[in-house]
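Notes follow the structure.
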Amino acid sequence: MKALVDEVSRTQTDAVGRAAELMVACLLDDGVIQAFGSGHSEAIAMEIAGRAGGLVPSNRLALRDVVLYGEAPVATLLGPAGELERDPSVARRIYDLAPVHPRDVFVLISSSGVNGSVVELASIVKERGHGLIALTSVRHSTAMTSRHPSGRKLLDLADVVLDNRAPYGDAVLPLPGGGTFGAVSTITSALLAQMVVAEVVRGLTRAGRTPPIYRSANVTGGDEHNRLLENRYAGRIRRGA
């Protein structure tokens, strides 16, 4: 794990800088960072949107939005594991239900980068003229066949690709009888997310702006500080399930 963390830190500096430039330009133009991940990748969307030490003008999109904000029945979320995230049609509903403005930038997270929902959402994002940052595993993605009808993958559509350097299959430690365990993509992806946020803060500070950063709700005055900043983006950021 330490070797992978060092590898990400060493190889992704340029991509992190380019991703941060897109996000800084978005925020200076009063945009919001829209983050989406399904399955375990949703954990990385949570690193980007709505956490202590992170950017307030950020919004998390999720597969369950079609139930929470749309009219889809709860049963939509109860199908076989992975079924919904492989369905391209869900992406249009997620986008249309979201509080998206033309100047917003999207960060889409998928280590495989081949499932229908994330590839279709990436297609919509580019069709609508948004900047798109992909956080994926180049090694895993290139070893896979796309599950999207177009044959494209998330990394084919992105303006910037952040490579979490996870291997094909994600796990890295060998089992005695064959196979592997010990998944790494969540750790390296979280590192990349925080590296980008750090560069965004640097960019905003250099531009003479006070970075709109969350304080922990578990420190004195945190709730008041956060509420004041969130009010600037009323109706544009969701904070909930």
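Counting residues in segment 171-187 that are in contact with an Asp or Glu (Cβ under 8 Å, 6 or more places away or on another chain), open to solvent by 50 Å² or more (accessible area, probe 1.4 Å) and either assigned to a helix (DSSP H, G or I) or modelled with pLDDT of 95 or more (or both) gives one or more. Remark: residue 189 falls outside the filter, which requires a residue to be more than 13 Å from the chain's Cα centre (by Cα) and under 27 Å from residue 86 (Cβ atoms). Taking residue 72 as the residue in question, decide whether it is among the small types (Gly, Ala, Ser), open to solvent by less than 50 Å² (accessible area, probe 1.4 Å), farther than 23 Å from residue 192 by Cβ and modelled with pLDDT under 95. Considered against the rule, which asks whether it is among the small types (Gly, Ala, Ser), open to solvent by less than 50 Å² (accessible area, probe 1.4 Å), farther than 23 Å from residue 192 by Cβ and modelled with pLDDT under 95, residue 72 comes out as yes.
Determine whether segment 167-186 contains at least one residue that is under 17 Å from residue 19 (Cβ atoms), touching a residue at least 40 places away in the same chain (Cβ under 8 Å) and in contact with a helix residue (DSSP H, G or I) (Cβ under 8 Å, 6 or more places away or on another chain). No, the conditions are met nowhere in segment 167-186. Go through segment 115-139 and give me each residue that's surrounded by fewer than 22 Cβ atoms within 10 Å (Cβ to Cβ) and under 21 Å from residue 7 (Cβ atoms). 138, 139 - these are the residues of segment 115-139 that are surrounded by fewer than 22 Cβ atoms within 10 Å (Cβ to Cβ) and under 21 Å from residue 7 (Cβ atoms). Within this structure, residue 193 passes the test of being in contact with a Gly (Cβ under 9 Å, 6 or more places away or on another chain) and within 26 Å of residue 161 (Cβ to Cβ). The C-beta contact set for segment 93-107 (first residue part of a helix (DSSP H, G or I), second residue among the basic types (Lys, Arg) and open to solvent by 60 Å² or more (accessible area, probe 1.4 Å), distance under 8 angstrom, 6+ apart or interchain) comprises 95/128. Screening 105, 56 for residues that are within 18 Å of residue 157 (Cβ to Cβ), open to solvent by less than 40 Å² (accessible area, probe 1.4 Å) and not basic (Lys, Arg) leaves exactly one candidate, 105.
At pLDDT 95 or above and closer than 28 Å to residue 231 by Cβ, is that true of residue 7?
The answer is no for residue 7.
The values are calculated or read from the model by the stated rules, or taken from the named source; none is laboratory data. In this text the structure is predicted, and so the values were computed from the model without any measurement. All Cβ positions, glycine included, derive from the backbone under ideal geometry; neighbour counts span all protein chains shown. Surface accessibility is based on the protein's heavy atoms, side chains included, excluding ligands, DNA and RNA. Shrake-Rupley method; radii C 1.70, N 1.55, O 1.52, S 1.80 Å.
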